[in-house]
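Peer 1: Got a structure for you, questions after.
The values are calculated or read from the model by the stated rules, or taken from the named source; none is laboratory data. This is a predicted model, so every value here is computed, not measured. Heads up, the Cβs are rebuilt from the backbone with ideal geometry, glycines too, and the neighbour counts pull from every protein chain shown.
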């Protein structure tokens, strides 16, 4: 079976995707600054070299600051999944933090391009992450892939991110760019944060609660990456969101109901308080973005979890 090299493979999405790929018979290479430490965290056997196998998963070194990528790892790869990037919601958006978020995406893309340019390889396609942060505030109709980029921080970051990986096309590589919606997973991300107040019996509605979230179940997200690898006709940008977006209120109430049944209290977190706590990041929490998923569905991809109730039922019970 083919080998898939993953950047950002130790994150929430990368971990879930690695698991699915191995279940489907693929070999997986995870890039890490410290492959020995990463391998041990995944309960891999102790090995001496930087390129270290453990069953169907391998760990290899890369360093975006030093622009180094293990040539042995690249030579083994048939496909690359590019997920690397600092977590957008991890810390408050200071000027320094925003630079780190953007640089982590563009610098890692540049390293991939340089490595593919200079090293002998058999890579057929790259599937790269982007985000629906590309789009701005709802304007009356769902956003499609050809809509212009939003002139805010996330829009500019997504634009730089996508442009930085576009270079691989000049090497004859097929490129698929997924604009990801809000990923729902029990292993991290927004769902884990939404569940915190729900555990106390509170449905914490953010602002008016009417802002639209375009989301996706982690299982569908991972299946879509495999779909892009296996569908040679796919090229370019695709929105990767479930067909039925929901309001923030529908999301948090659904989570509270799944966890507590009827025993929960809706509580509105005022907009001014969110701005005080989150700063500029509050724009994204309060922004309404209805994103269309027709293009990915037209490739033959079917969502298992097309509505949020079915997704939460699976994730929470």
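Peer 1: Which of the numbered conditions does residue 121 fail, given that it passes all the others? Conditions: (1) over 20 Å from residue 239 (Cα atoms); (2) surrounded by fewer than 18 Cβ atoms within 10 Å (Cβ to Cβ).
Peer 2: Among (1) over 20 Å from residue 239 (Cα atoms); (2) surrounded by fewer than 18 Cβ atoms within 10 Å (Cβ to Cβ), the lone unmet condition for residue 121 is (2).
Peer 1: What are the residues in segment 293-312 that are more than 14 Å from residue 241 (Cβ to Cβ) and crowded, with 19+ Cβ neighbours inside 10 Å, if any?
Peer 2: 312
Peer 1: Moving on to the next point. Is there a residue being outside any helix (DSSP H, G or I), touching a helix residue (DSSP H, G or I) at 6+ places or on another chain (Cβ under 6 Å) and more than 30 Å from residue 265 (Cα to Cα) anywhere in segment 159-175?
Peer 2: Yes, segment 159-175 contains at least one residue that is outside any helix (DSSP H, G or I), touching a helix residue (DSSP H, G or I) at 6+ places or on another chain (Cβ under 6 Å) and more than 30 Å from residue 265 (Cα to Cα).
Peer 1: Something else now. Out of the residues in segment 124-134 meeting the condition of being more than 12 Å from the chain's Cα centre (by Cα) and surrounded by fewer than 24 Cβ atoms within 10 Å (Cβ to Cβ), tell me which one is farthest from residue 241 (Cα to Cα).
Peer 2: 124
Peer 1: Based on what the data block shows, is residue 88 in contact (Cβ under 8 Å) with a residue 24 or more places away in the chain, closer than 25 Å to residue 227 by Cα and under 18 Å from the mean Cα position of the chain (by Cα)?
Peer 2: Judged against the criteria, residue 88 is not a match.
Peer 1: Hey, among the residues in segment 144-158 that are outside any loop (DSSP other than H, G, I, E, B) and touching a residue at least 24 places away in the same chain (Cβ under 8 Å), which one's nearest to the chain's Cα centre (by Cα)?
Peer 2: 158
Peer 1: Further question on the same structure: Residue check: is residue 90 farther than 18 Å from residue 31 by Cα, at pLDDT 95 or above and out of contact with any helix residue (DSSP H, G or I) (no Cβ under 6 Å at 6 or more places or on another chain)?
Peer 2: no
Peer 1: Taking segment 2-27, which residues are surrounded by fewer than 18 Cβ atoms within 10 Å (Cβ to Cβ) and on the phi > 0 side of the Ramachandran plot?
Peer 2: Selection gives 25 alone.
Peer 1: Confirm whether residue 185 is at pLDDT 95 or above and farther than 27 Å from residue 252 by Cβ.
Peer 2: Considered against the rule, which asks whether it is at pLDDT 95 or above and farther than 27 Å from residue 252 by Cβ, residue 185 comes out as no.
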